[in-house]
1. Going highest first, how would you order 97-109, 186-198 by mean Cβ packing within 10 Å?
2. Using the alpha-carbon atoms, what tilt in degrees (0 to 90, nearest 10) does helix 65-103 show relative to the longest principal axis of the chain?
3. With point charges of +1 on the Cβ of Lys and Arg and -1 on the Cβ of Asp and Glu, referenced to the Cα centre of the range 1-142, which listed residue (I135, M47, A109) lies farthest in the positive direction of the dipole?
4. With charges only on Cβ, +1 for K and R and -1 for D and E, what is the dipole size of the range 141-251 about its Cα centre, in debye, rounded to 20?
5. Taking the mean number of other Cβ atoms within 10 Å as a proxy for protection, how do you rank 9-18, 149-158 from highest to lowest?
6. Per residue of the range 46-51, in order, report the coupling 6.51 cos²θ - 1.76 cosθ + 1.60 (Karplus, θ = phi - 60°) as ³J(HN,Hα) in whole Hz, putting x for Gly and Pro.
7. Karplus couplings for the range 120-131 from phi (6.51 cos²θ - 1.76 cosθ + 1.60, θ = phi - 60°), rounded to Hz, Gly and Pro as x?
8. Treating the beta-carbon of each Lys and Arg as +1 and of each Asp and Glu as -1, no other charges, what is the dipole magnitude of the range 7-250 about its Cα centre, to the nearest 20 debye?
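Since every read-out is calculated from the coordinates, none of them should be taken as a lab result. Just so it is clear, the model here is predicted, and its values are computed rather than measured. Here the Cβ positions follow ideal geometry from the backbone for every residue, glycine too, while neighbour counts run over all protein chains shown.
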Amino acid sequence: MESFAAASQVYAGGLIFARVGAMVMLLPGIGDTTVPPRVRLGFAFLMAMLLMPVVARGMPIPAAVSGVAGAVIKEVMIGLMIGGILRIFLSSLTTTGEIISIQTTLSFAQTAAPGQAAPSTTLGTFLGLIGVTLIMATDLHHMFLTAIVRSYVLFPFGREIPVADSAQLAVQTVAGSFRLGLQMAAPVVVFSLVFNIAAGLVGRVMPQFQVFFVATPLIVLLGLSIFAMSLGVIGMVWLNRYRELTSLFLG
């Protein structure tokens, strides 16, 4: 490699690629399973080459192989931490879709989710696609790229990984995403509760009335209508909360 770059430059580029590659593989939209791995790796390599002249100044090279391996592992863990947290919060939309599907008896309607390895409910997949579309349409993915650059200010080379703080942030993100998913599905949940109570009362008053035959189409139709009317609010609330989460990595 001495004909193309010095050993220090190769080492710096490898460390930067380790962190950036780990983040790119998990970022919403860019890191979805539908994006070919070669495209993601090529994008990560391009980002690493662009960042190397800026963040790799004066980087010392460890004398032992164990030091090099430890530095690479640490950079990969930092990238997985940041990318994983950004990916976890995207599951709030899937949670909303799952709850609405259960309340409207559509939980058995499964379809392939582009951002997940396992299939999800149709409404969960639909909301997940809307989330990625909103990220790209509102240029929120530019904040992802800014977060990659700012990560070298928050977690510079040679600094120990804040494992306890990272675990606490991950737990808070999981709890917050589930809470937000339930809040966004609240209109359909309230409707389903009132509708089921009313259907139960009708069944008690008129035992010969076929409640299940009449109630199932109504709860699907009315539940999806309420979901459609609240879809704009769901998108705006989720986008604002996601922007607040991303701003944590911008310093």
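1. Highest mean packing first, the order is 97-109, 186-198.
2. Rounded to the nearest ten degrees, it is 10.
3. So the residue furthest toward the plus end is M47.
4. 100 debye
5. Values: 9-18: 19.4, 149-158: 15.5.
Averaged packing, sorted descending, gives the order 9-18, 149-158.
6. Result, rounded to whole Hz: 5, 4, 5, 5, 6, 7.
7. 10, 5, 4, 5, x, 5, 4, 5, x, 5, 5, x
8. 180 debye
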